[in-house]
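The values are calculated or read from the model by the stated rules, or taken from the named source; none is laboratory data. Every value quoted in this text rests on a predicted model; they were computed, and no experiment measured them. Counting neighbours? That spans all protein chains shown, and the Cβs are built from the backbone with ideal geometry, glycine included.
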Amino acid sequence: MDRMYFLELAINGGLAGLMYAMVAMGIVLIYKSSSVPNLAQGALTMLGAYVVLGFSDALGVPMWVAIPLAMVTMFCVGVVIERVALRRLAGRPIVMILMMTLGIDIFLRATTMTIWGGSGRPMRLGIPDSPLFLGSLLLNRAYVVGAAVTLVLFVTFMLFFRSRQGVVLRAIADDYTASWSVGISVERGVALSWALSAVVATAAGVLWGSVQTVDQSLSLLLLKGITVAVLGGMDSLGGAVLAGALLGILENVASGYLDPLLGGGTRELVVAAVLILTIMIRPHGLFGRHDIERI
Amino acid sequence: MLYRRAGIFHTSYASDRALFTIPFEKWAMVALLAFALVAPFVLSSLAITSYVRPWLIWTAAVLGLNLILGWAGQFHFGYAAIMGMGAYASVHAARNGVPWEIAVTLGGLTASVIGVVFAFAALRVKGLYLALSTLAMQFVMDWVISHVPAISGGVSATLQAPPMKLLGHAITSEAGTYYVVLAWTLLVMLFMLNLRRTALGRALVAVREKDFAAAVIGVQSFYYKLVAFAASAFIGGVSGAMLVFGFYHAVTPEQFAVNVSIELLAMVIVGGLGSIIGSFFGAAFILLLPGQMNALIAWLAKLLGLDIGVEALAHIPHMIYGATIIIVLLIEPMGLGKLYGNVRNYLLVWPFGYVRK
């Protein structure tokens, strides 16, 4: 019985963790191409979910039309953010870049709240609430769908990075001065990575919105996303997926056993502890590139 | 024109290294100080209690954060937790009968100890990773403050702060509280102004520019990082205590949550990294601008007969706050302090602009 409880916590946690990885993948995409740690990814996730709801409410179209429409919109939002805000800060000290993404985070969150209001709304994807039985284990159906989508996205990105445009992005990630000198438009590549990351954020927003409700708390996924991204290595997509599953398992198992003892709230604590320990022990994460500094 | 340098001849090193060498600046400081002293009798009591007092306290905290971020170049995304620790320690001490001055100092020292814990992250990493680890520590501190009953008095509890006391005399009047707060802010300001003239300040700047290079020329970078974290945490802790004794009058964990840390960072960035006058501007800008703009928008909407929902009005200040950060970073990344510096540089040689280097 106890082992079953543990397994159930671990598997559901791992599935939820794969959904965290979706947020982390957005952060990794941007960091890889432009070394910008995007602290606005949580706000983008939340905005994506609201835009989907906005389309389905305003136009009355079904979800499978609203989601692609929202993805196109968010693609443009990503391009605009890069063009207006981040491009001019290229080469500035990192504190300004961090602050800029925080400013975007605050601005996007407040704008979303101003337009759509703060009350939580349901996201109806048509996933039944009844749990999925795996032997005698109960699995949350929404988590299973979310984890599957994450894996599909991951495979898509792996294939994308083999295409011509993907090779361009990889070249920029490797060395942007060199890419510049062989005639690659670095700006366009970076803008593309922002756009892709905003699209991934929309997917994450939709799936998390169907698990919980669509409200401001979606932007809190940032802490989990950034922890997963750091644990997996800031520039490794595969690392993000693996680290997501790891963090999810750890978080769910720890909170399952510790919450009754410590009086709740251990989820955030576990995430923060993982972030601190990763940075203290292995700052470049599981699969990240180890940067060597020159004097 | 205004900042006339004609007729200033330094005949000793002391006069050359004075804090203010230009007569206009000296007199401007004197005038500002005189105004600050008579302010409680000139300004309305609403302006003093709800604008000037919080502004002064936040400025002191921003100066403390500027010490670590602008001078030592170390990221600190958990400054609110430091302030909270200082506030809780001093409130507990004061409630248990420790004299107020000692209680506040104890708050500062407690914050210093916590600040040194933060500094151990700086031993290992820097840049982005330091930012993220201090952010994570802020979350851990939040959890500790709200979940340890010995600190917060239980989850979602509020601790009343006893009144300020100086040498045993309770200070409850508006003007009295204002003067205590003013004295603390001026003290921090003087410390920061003098920092650039000391060996410590120069060492911090060396560490900021490149810590390896500083180590090569014999500046122990880790020691100075530790000192910077401890000193800025002391300022933060006492400022947190001032905030509770002089403004909130009660302390809850939410007053020092992660969004407060980000607000402080925004004040530093908007004011300008390492700029002292900028810290005053930045605190005022972030603290007062969103509310004032919101009042303006509500007034305009009424004038034009537009209907803005209550909920939208509640979120517009945050929108303006975010937009302020973005716009300042786009227009002048070195903040309002740099803008002031530009004006000053222009006026220094006006009308002979070509003299400027």
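Applying the selection to the range A:105-134, what residues are part of a helix (DSSP H, G or I) and of a type in the set (Ser, Thr, Tyr)?
Passing the criteria: A:THR111, A:THR112, A:THR114.
What are the residues in the range A:151-182 that are touching a residue at least 60 places away in the same chain (Cβ under 8 Å) and touching a Phe, Trp or Tyr at 6+ places or on another chain (Cβ under 8 Å), if any?
A:LEU169
Output the number of the condition that B:VAL219 fails; it satisfies all remaining conditions of (1) in a loop (DSSP other than H, G, I, E, B); (2) in contact with a strand residue (DSSP E or B) (Cβ under 9 Å, 6 or more places away or on another chain); (3) of a type outside the set (Phe, Trp, Tyr).
Unmet for B:VAL219, out of (1) in a loop (DSSP other than H, G, I, E, B); (2) in contact with a strand residue (DSSP E or B) (Cβ under 9 Å, 6 or more places away or on another chain); (3) of a type outside the set (Phe, Trp, Tyr): (2).
Would you mention how many residues in the range A:225-260 are within 13 Å of chain B (Cβ to nearest Cβ) and surrounded by fewer than 24 Cβ atoms within 10 Å (Cβ to Cβ)?
4
Kindly indicate which of B:ALA323, B:ALA295, B:ALA312 is loosely packed, with under 15 Cβ neighbours inside 10 Å, of a type outside the set (Phe, Trp, Tyr) and either over 22 Å from the mean Cα position of the chain (by Cα) or at pLDDT 85 or above (or both).
Result: B:ALA295 is the single residue among B:ALA323, B:ALA295, B:ALA312 that is loosely packed, with under 15 Cβ neighbours inside 10 Å, of a type outside the set (Phe, Trp, Tyr) and either over 22 Å from the mean Cα position of the chain (by Cα) or at pLDDT 85 or above (or both).
Hey, can you tell me all the residues within the range B:128-158 that are in contact (Cβ under 8 Å) with a residue 60 or more places away in the chain and buried (at least 17 other Cβ atoms within 10 Å of the Cβ)?
B:LEU135, B:GLN138, B:PHE139, B:MET141, B:ASP142, B:ILE145, B:SER146, B:ILE151, B:SER152
Among the listed residues B:SER173, B:SER152, identify the single one that is under 25 Å from B:PHE77 (Cα atoms) and not aromatic (Phe, Trp, Tyr). Spell out the reasoning first.
Working: B:SER173 fails: under 25 Å from B:PHE77 (Cα atoms).
Only one candidate passes the filter, namely B:SER152.
For the range B:38-67, enumerate the residues that are exposed (fewer than 13 other Cβ atoms within 10 Å of the Cβ) and in contact (Cβ under 8 Å) with a residue 12 or more places away in the chain.
Within the range B:38-67, B:PHE41, B:SER45 meet the criteria.
How many residues are within 11 Å of chain A (Cβ to nearest Cβ), part of a helix (DSSP H, G or I) and not aromatic (Phe, Trp, Tyr) if we restrict to the range B:125-156?
Looking only at that region, the number is 17.
Whether any residue in the range B:116-124 is away from chain A (no Cβ under 14 Å), in a helix (DSSP H, G or I) and modelled with pLDDT of 90 or more is what I want to check.
Scanning the range B:116-124 turns up at least one residue that is away from chain A (no Cβ under 14 Å), in a helix (DSSP H, G or I) and modelled with pLDDT of 90 or more.
How many residues does the range A:83-141 hold that are within 14 Å of chain B (Cβ to nearest Cβ) and touching a Leu at 6+ places or on another chain (Cβ under 9 Å)? Explain how you work it out, then say what you get.
Looking only at the range A:83-141, we keep the residues that are within 14 Å of chain B (Cβ to nearest Cβ), and these are A:83-121.
In the following step, the residues that additionally are touching a Leu at 6+ places or on another chain (Cβ under 9 Å) were identified as A:84-85, A:88-89, A:92-105, A:108-109, A:111-112, A:114, A:116, A:121.
Counting residues in the range A:83-141 that are within 14 Å of chain B (Cβ to nearest Cβ) and touching a Leu at 6+ places or on another chain (Cβ under 9 Å) gives 25.
To keep it simple, each residue is scored yes or no on (1) in contact with a Pro (Cβ under 7 Å, 6 or more places away or on another chain); (2) under 22 Å from A:ARG289 (Cα atoms); (3) among the hydrophobic types (A, V, I, L, M, F, W, C).
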position	(1), (2), (3)
A:PHE154	no, yes, yes
A:GLN212	no, no, no
A:SER217	no, no, no
A:GLY233	no, yes, no
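Can you name the condition, by its number, that B:ALA250 falls short on among (1) away from chain A (no Cβ under 13 Å); (2) over 13 Å from B:ILE325 (Cα atoms); (3) within 12 Å of the chain's Cα centre (by Cα)?
Here B:ALA250 clears every test but (3).
Restricting to the range B:249-258, name every residue that is touching a residue at least 40 places away in the same chain (Cβ under 8 Å) and in a helix (DSSP H, G or I).
B:PRO253, B:GLN255, B:PHE256, B:VAL258, listed by residue number.
What is the residue count in the range B:157-197 for residues that are part of a loop (DSSP other than H, G, I, E, B) and over 18 Å from B:SER275 (Cβ atoms)? Steps first, answer last, please.
Filtering the range B:157-197 for residues part of a loop (DSSP other than H, G, I, E, B) gives B:157-158, B:161-163, B:167-168, B:172-173, B:196-197.
Next, from what is left, pick out any that are over 18 Å from B:SER275 (Cβ atoms): B:157-158, B:161-163, B:167-168, B:172-173.
So the answer is 9.
Pull out all pairs, ordered by first then second residue, where Cβ-Cβ is under 6 Å, the residues are six or more apart or on different chains, the first lies in the range A:32-50 and is touching a residue at least 60 places away in the same chain (Cβ under 8 Å), and the second is part of a loop (DSSP other than H, G, I, E, B) and surrounded by fewer than 24 Cβ atoms within 10 Å (Cβ to Cβ).
A:LYS32/A:ASP235
Assess whether B:GLY282 counts as being in a loop (DSSP other than H, G, I, E, B), in contact (Cβ under 8 Å) with a residue 12 or more places away in the chain, crowded, with 22+ Cβ neighbours inside 10 Å and within 14 Å of chain A (Cβ to nearest Cβ). Walk me through it before giving the result.
Working: in a loop (DSSP other than H, G, I, E, B): no; in contact (Cβ under 8 Å) with a residue 12 or more places away in the chain: yes; crowded, with 22+ Cβ neighbours inside 10 Å: yes; within 14 Å of chain A (Cβ to nearest Cβ): yes.
Spelling it out, it is not the case that B:GLY282 is in a loop (DSSP other than H, G, I, E, B), in contact (Cβ under 8 Å) with a residue 12 or more places away in the chain, crowded, with 22+ Cβ neighbours inside 10 Å and within 14 Å of chain A (Cβ to nearest Cβ).
Got at least one residue in the range A:38-58 being surrounded by fewer than 24 Cβ atoms within 10 Å (Cβ to Cβ), over 17 Å from A:PRO122 (Cα atoms) and either at pLDDT 90 or above or not small (Gly, Ala, Ser) (or both)?
No, there is no match, as no residue in the range A:38-58 is surrounded by fewer than 24 Cβ atoms within 10 Å (Cβ to Cβ), over 17 Å from A:PRO122 (Cα atoms) and either at pLDDT 90 or above or not small (Gly, Ala, Ser) (or both).
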